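Where a number appears in this text, it was derived from the coordinates with a stated rule and is not lab data. Source: prediction; values computed, not measured. Don't worry about glycine lacking a Cβ; one is built from the backbone with ideal geometry, like all the others, and counts go over all protein chains shown.
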Amino acid sequence: MSRYVIRRFGKPEDVAVMALFLCSDAAGWITGQTYPVNGGYDFAI
């Protein structure tokens, strides 16, 4: 747990929020990106 910046395990809702955003008009100008939904784990490695 100490490796996660957010200090908690992820929940299905965390991924769902990103999926909803990417399906919305707000993400209409986004192409070819990677969005790690991992609580900041990448920063800890």
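General observations
- Relative contact order (percent, whole number), the chain, Cα cutoff 8 Å, 6+ residue spacing: 63
- For the chain: rounded, prolate or oblate by the Cα gyration tensor [a/c cutoff 1.5]: oblate
- Net dipole in debye of the chain [+1 Lys, Arg Cβ; -1 Asp, Glu Cβ; about Cα centre; nearest 20]: 260
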